[in-house]
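The values are calculated or read from the model by the stated rules, or taken from the named source; none is laboratory data. For clarity, every value in this text was computed on a predicted model and none was experimentally measured. Here the Cβ positions follow ideal geometry from the backbone for every residue, glycine too, while neighbour counts run over all protein chains shown.
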Amino acid sequence: MKLQLRRPLAFFDLETTGVNVATDKIVEIAILKVMPDGSEHVYNKRVNPGRPIPPESSMFHGIYDEDVKDAPSFKELAGEIAVFLGDSDLAGYNSNKFDVPMLMEEFLQAGVEFSLRGRSFIDVQNIFHQMEQRTLKAAYRFYCDKSLDNAHQAEADVRATYEVLRAQLKKYDGVSYEDKHGKVSYPVVNDVDALHTFTNLSKPVDFAGRLVYNDENKVVINFGKHKGKCVFEIFEKEPSYYAWMQNGDFPLYTKKVLEELWNEFRAQKKEPKVEKKQVKPVTADMLKELQTKFGK
């Protein structure tokens, strides 16, 4: 289907050093500019972020430091990118939450004027999520091909949830799943432990998602200025952060878990340090005595 356009529509995607709009940098930008007459123009450039690309980000998008060491910086490209986009409306996947604000952050840091006023923004992910709702009623219809007429009645809901899980096990039996690191597995199996692992991919500690496990199985903060930092590291450098969270508007269970971590941290700090014993050098006489005692 040909898009009905009054002016160009630029589909764009960014690969970056991370997901923090304020501090991370672009390493690749691709733009597909669709014109009102249906013709297409493509712009695709690697970008030197001016800093090392974290390994976890490189594993995700496949771009490593070596790939961008000779590439221009965004500041060097900003002018031509702004010209290429022109007065286009903007489109992307999760672009309203990530790509648009990231692009604007880079334009502002580069000192290049690029106004969003008067443009339209199409986020294809939002169309997907809103049209293909993820409610229990929608899942019941999708997996069980039944209508949940008495939705939101507690017993009806739990019975429907039970039926949906059984239908999922049947539908996804032998179906592969590829994670963000490219690892392929077959996770939807008739095993509670396996389903637990698959349905807790974010590895929450407190279930509210404020505290999560990182890839090293350490508890880290999952929001705000300390996102991604180890909780114990924050306790060490900024102990007042613990008091701030305990007095803040956080779920009680989050506070309970945080208190347990705080007590564990304090217990570790109070443990006496084990002094290393000095090892005396082995002399020739000592070596001879040992050989006599234990044999050569």
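Laid out as a table, the results:
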read-out: Search result, residues across the range 24-42 that are surrounded by fewer than 17 Cβ atoms within 10 Å (Cβ to Cβ) and under 23 Å from the mean Cα position of the chain (by Cα); value: Ala30
read-out: Qualifying residue in the range 163-179 (condition: surrounded by 15 or more Cβ atoms within 10 Å (Cβ to Cβ), modelled with pLDDT under 85 and of a type in the set (A, V, I, L, M)); value: no
read-out: Counted residues, the range 210-221 - those being modelled with pLDDT under 90 and either aromatic (Phe, Trp, Tyr) or surrounded by 12 or more Cβ atoms within 10 Å (Cβ to Cβ) (or both); value: 4
read-out: Test: residue in the range 197-211 that is more than 26 Å from Gly228 (Cβ to Cβ) and either not in a loop (DSSP other than H, G, I, E, B) or not charged (D, E, K, R) (or both); value: no
read-out: Residue list for the range 25-42, filter: part of a strand (DSSP E or B) and either touching a Phe, Trp or Tyr at 6+ places or on another chain (Cβ under 8 Å) or closer than 28 Å to Gln4 by Cα (or both); value: Ile26, Ile29, Ala30, Ile31, Leu32, Lys33, Val34, Glu40, His41, Val42
read-out: Residue in the range 43-54 that is in contact (Cβ under 8 Å) with a residue 12 or more places away in the chain, surrounded by 13 or more Cβ atoms within 10 Å (Cβ to Cβ) and in a helix (DSSP H, G or I) present; value: no
read-out: Residue match in the range 62-72 (condition: in a helix (DSSP H, G or I) and out of contact with any strand residue (DSSP E or B) (no Cβ under 8 Å at 6 or more places or on another chain)); value: yes
read-out: Selection count, the range 68-113, where residues are under 26 Å from the mean Cα position of the chain (by Cα), farther than 30 Å from Gln4 by Cβ and without any contact (Cβ under 8 Å) to a residue 24 or more places away in the chain; value: 2
read-out: Residue list for the range 88-105, filter: out of contact with any strand residue (DSSP E or B) (no Cβ under 6 Å at 6 or more places or on another chain) and surrounded by fewer than 20 Cβ atoms within 10 Å (Cβ to Cβ); value: Tyr93, Asn94, Lys97, Phe98, Pro101, Met104, Glu105
read-out: Unmet requirement for Ala91, which otherwise passes all of (1) on the phi < 0 side of the Ramachandran plot; (2) outside any strand (DSSP E or B); value: (2)
